[in-house]
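**Student:** Quick one: structure below, then a few questions.
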Amino acid sequence: MDKFAVLGCGVVGSGVVELFEKNKALIEKRSGRKLEMAYILDLRDFPDRPYGSKVVKSIDTILADPEVTVVAECMGGIEPAFTFVKACLEAGKSVATSNKELVAAKGDILLQTAKDHHCNFFFEASVGGAIPIIRPLHKCLAANDFSAIAGILNGTTNFILGKMITADMDFASALALAQEKGYAEKDPTADVEGHDACRKICILSSLAFGKHVYPESVHTKGIREVELKDVKLCMQLGYAIKLIARVQRLENGKILPTVMPMAVADDNLLSDVNGVYNAVMVRGDGISKAMFYGRGAGKFPTASAVLGDMIEEVQLSDTIPAQTWENVGSADFIEDFSQFSAERYFRTSAANAEALTEVFGEGVSEILTMDDHESVFTVAREMNVTEVEDAVKALSAKGIRVLAEYPILQP
Ligand code: HSE
């Protein structure tokens, strides 16, 4: 008999408890173990719920029970989650978490703690909700040398951008609806400003390239400044604006992780990822590319991933070697954002074809002029950040303002 505990009985934690109780027979058959949900750690009481009697108020109760072999951490945030998870691992109890903030900030420490105590720290639910992506990266695709990962990793922002287009909803109403559905973080700033997607690309980058990538090293821009006007104009030009989390390995061997709204061409599969769905495109030398798709947020999709980790953990008798990375003590392996290059979409205050061609040279597409004399066009040549800044200055000298600019995601 393996007992398990759930830390935090919010959206995800209650999902773990409920999905376990619903599918207990299946889970036991597949894991080959008898399982018992023994404790729920939460500050609140749940007298009306069937699992109300399992609630405990102190982590010590869980730590003191030697029959608890697996713990699901669904509290969110760094503290007290970090202290509790570390203590569980030090007691030899494996942990499965949905907490991307914790993994992105402390994954290196917790992975090492698990190794030191012959247990496991798993985090499939921390990226992409229900989508299996962590396990495929270090297991099924373990034979690949990875060159890039690009994805839509935040359901809330994808839902908001979608509602802005399809329902003409304003930003605030779409955000409120995402919160009502349980997709958004408690503090929606993390979703809207791109921090949540940043934590997720940190985790994928760390796993794919073997070195801990901290959120502070990632250029991160959210969707707050995305205007409905550009969303619609991009559509006319054959692109969808999406919040893209991406990491690429450059020719100099460094990696460049980024989170920002990008224009995604209609023939790119990521442009069709809508609502709360997430997708991750992985490039490797063996596979060329592979795409993973599914529900990226929500109670049961996330609980499904947590329980999947717990099912594997109860079957393991030692730490698995593949799912890990190291802290190399510097960020020298991460390229500066100034080196980020891409083709671009521009909206400018005037449609002076001669001036635009003079500034951008080859590659300027047909210029679409609107009733208000603004213009939109793409530049089909890679421009790095400095080149874009220089172009903005050169246009300004000609009396033309750049009103919006989006990098175009390469296929
Ligand atoms: N707030 C997150 C999202 C939840 O919207 O994707 C899942 O990590």
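The values are calculated or read from the model by the stated rules, or taken from the named source; none is laboratory data. Bear in mind that the values here come from a model prediction, so they are computed numbers and not experimental data. Glycine also receives a Cβ, built like all others from the backbone with ideal geometry; neighbour counts cover every protein chain displayed. Each accessible area value is taken on the protein alone, full model and side chains, heavy atoms only, with ligands, DNA and RNA left out. Shrake-Rupley method; radii C 1.70, N 1.55, O 1.52, S 1.80 Å.
**Student:** Hey, what angle do you get for helix 228-237 against the long axis of the chain, alpha-carbon based, 0 to 90 degrees rounded to 10?
**Tutor:** Orientation of helix 228-237: about 70 degrees from the principal axis.
**Student:** Tell me, what is the FRET efficiency for Leu368 and Asp332 to the nearest 0.05, using R0 = 60 angstrom and their Cβ-Cβ distance as r?
**Tutor:** It comes to 0.90.
**Student:** Counting DSSP beta bridges in the chain, what percent are antiparallel, to the nearest 5?
**Tutor:** Of those bridges, close to 65 percent are antiparallel.
**Student:** A further question on this structure: Return P(r) of region 17-152 (all Cα-Cα pairs; 5 Å bins starting at 0; whole %; ordered from short to long distances).
**Tutor:** Histogram of Cα-Cα distances, whole percents per bin: 2, 9, 16, 20, 21, 17, 9, 4, 2, 1, 0.
**Student:** A further question follows. Step through the table entries Lys86/Lys299; Lys186/Lys242; Lys93/Lys299; Lys3/Lys242, compare each Cα-Cα distance with 31 Å, and write down the pairs that go over it.
**Tutor:** Where the Cα-Cα span goes over 31 Å, the pairs concerned are Lys3/Lys242.
**Student:** OK, next. Which three extents, in angstrom, do the Cα atoms of region 134-295 have along their principal axes, listed largest first?
**Tutor:** Result, largest extent first: 45, 34, 27 Å.
**Student:** Follow-up question, since we're still on this one. Whole-Hz ³J(HN,Hα) for each residue in region 9-17, computed from phi via Karplus 6.51 cos²θ - 1.76 cosθ + 1.60 with θ = phi - 60°, x for glycine and proline: what do you get?
**Tutor:** Working through the residues one at a time gives 10, x, 4, 6, x, 5, x, 4, 4 Hz.
**Student:** Within the accessible area of region 340-407, what % is carbon and sulfur when the probe is 1.4 Å and the other protein chains stay in place?
**Tutor:** Carbon with sulfur: 46 percent of the solvent-accessible area.
**Student:** Another question about this same structure. How large is the charge dipole for region 134-295, taken about the Cα centre, if only the Cβ atoms of Lys, Arg (+1) and Asp, Glu (-1) carry charge, to the nearest 20 debye?
**Tutor:** 520
**Student:** For the chain, take the alpha-carbon Rg, divide it by the Kirkwood Rh, and send me Rg/Rh.
**Tutor:** Using Cα coordinates only, the ratio equals 1.03.
**Student:** Please give the length that would be gained between Asp168 and Ser317 if that part of the chain were fully extended, namely 0.36 nm times their separation in residues minus their C-alpha to C-alpha distance (nm, one decimal).
**Tutor:** 48.3 nm
**Student:** Can you give the FRET efficiency for Glu227 and Gln339, using 1/(1 + (r/R0)^6), R0 = 35 Å, r = Cβ-Cβ distance, to the nearest 0.05?
**Tutor:** 0.80
**Student:** Follow-up question, since we're still on this one. Please list, in order, the residues from region 353-376 whose amide nitrogen is less than 12 Å from a point placed 7 Å along the Cα→Cβ vector of Lys398.
**Tutor:** 353-362, 364
**Student:** Expressed in nm², what is the orientationally averaged projection area of the convex hull enclosing the Cα positions of region 29-107?
**Tutor:** Hull-based average projected area comes out at 6.1 nm².
**Student:** Another question about this same structure. Between Glu216 and Glu358, what is the spin-label point distance in nm, taking each point 7 Å from the Cα along the Cα→C-beta axis?
**Tutor:** Label at Glu216, label at Glu358, 4.5 nm between them.
**Student:** So if R0 is 35 Å, what FRET efficiency would Arg33 and Glu387 give, r being the distance between their Cβ atoms, rounded to the nearest 0.05?
**Tutor:** 0.05
**Student:** Treating the beta-carbon of each Lys and Arg as +1 and of each Asp and Glu as -1, no other charges, what is the dipole magnitude of region 340-407 about its Cα centre, to the nearest 20 debye?
**Tutor:** Computed charge dipole of region 340-407: roughly 140 debye.
**Student:** A follow-up question, please. Nothing charged except the Cβ atoms of Lys and Arg (+1) and of Asp and Glu (-1): what's the magnitude of the dipole of the chain about its Cα centre? Round to the nearest 20 debye.
**Tutor:** That gives the chain a dipole magnitude of about 1120 debye.
**Student:** Largest first, how would Ser31, Ser317 line up by accessible area (1.4 Å probe)?
**Tutor:** Ser317, Ser31
**Student:** Go through Met260, Cys202, Leu243 and say which Cα lies farthest out towards the positive end of the charge dipole of region 134-295; charges sit on Cβ, +1 for Lys and Arg, -1 for Asp and Glu.
**Tutor:** Going by the Cα projections, it comes out as Cys202.
**Student:** Let me ask another. Where does the chain land at 222 nm, in deg cm²/dmol rounded to the nearest 500, when only DSSP H runs of n ≥ 4 count, each adding -39500 (n - 2.57), divided by all residues?
**Tutor:** After summing the helix terms and dividing by the residues of the chain, the value is -10500 deg cm²/dmol.
**Student:** Starting from 0.36 nm per residue, how many nanometres of slack lie between Val56 and Leu43 once their C-alpha separation is accounted for?
**Tutor:** 3.9 nm
**Student:** If you don't mind, there's one more thing I want to ask. For region 274-411, list log₁₀ I(q)/I(0) at each q in 0.12, 0.13 Å⁻¹, using the Debye formula over Cα point scatterers of equal strength and ignoring solvent, two decimals each.
**Tutor:** -0.77, -0.83
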